[in-house]
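Reading through the structure tokens given below for one structure.
The values are calculated or read from the model by the stated rules, or taken from the named source; none is laboratory data. Since we're looking at a predicted model, the values are computed, not measured. Glycine gets a Cβ as well: all are built from the backbone with ideal geometry, and neighbour counts include every protein chain shown. Surface accessibility is based on the protein's heavy atoms, side chains included, excluding ligands, DNA and RNA. Shrake-Rupley method; radii C 1.70, N 1.55, O 1.52, S 1.80 Å.
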Amino acid sequence: MLSHDETMRLIALAQQGEEAASSTLLTENAPLLKSIIKRYLGKHVEYDDLYQIASIGLLKSIKNFSLDYNVKFSTYAVPMILGEIKRYMRDDGYLKVSRSLKSISSKIARYVDEKIKNGEESPRIEEIAEHFDIDPTEVIFAMDSAKLPVSLYETTNDKDGKQTTLVDRLPTDEDKKMIDKVILKDMLAKLTPREQKIIILRYFRDMTQGEIAAKMGVSQVQISRLENRILKKLKELYTENS
């Protein structure tokens, strides 16, 4: 597996037109491509076709990647690869939305409409997730399923007639928040189940160290030590992702 520095070096060379660098990046990221296209197998699309489309998405990621994004290349590449596959399947009529996903999407839409009709602000993703007792990522996926899949890197024309991509038109702060959420999810996945539980209870459910200690059957001193150790670990993971 390529190191971060080696990946950055190869990306720079590939952006300068060196085909050998692009080929190496394609080869080294083959496991990533395979893991992504697995979820689309059995949908009347040949494996080789899916792999080719995923490879196109990866090459676009290589071309557009910048160190200014402050995110790992793989984290940046996945949405673009998914966008390519979804667009291909949409255009060929292969992309189908399950009945259960349509159902939750419809319920979310009604919930949001009712909030707005009552003069309230449009509910946040976290609020919707809590209301329906589902994961925030499921909310995003359900809401996204109600729309035709469009890549953030789809070329569009602005009011002056100039071509731009959707990602370039995203507000800077929102774009950073989106990337930070992806990075946070990636870091939390690298913690042990016990470490994840402590962080979720402490920072997502606002529980005190004493409350967490009582819930987990340990002393508050132990929770304090564990929390400090976990935060140090997360800081190191963040540095690796940067």
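Figures for the structure shown
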item	result
Solvent-accessible area per residue, Å², over region 28-86 with all protein chains present [probe radius 1.4 Å]	51 Å²
Nitroxide proxy distance, nm - points 7 Å out along Cα→Cβ at residue 124 and residue 23	5.0 nm
Under Karplus coefficients 6.51, -1.76 and 1.60, residue-wise ³J(HN,Hα) of region 69-77 in Hz, glycine/proline x	6, 6, 8, 4, 4, 4, 5, 6, 6
Value of relative contact order over region 1-74, rounded to a whole percent, pairs C-alpha under 8 Å and six or more apart	34 percent
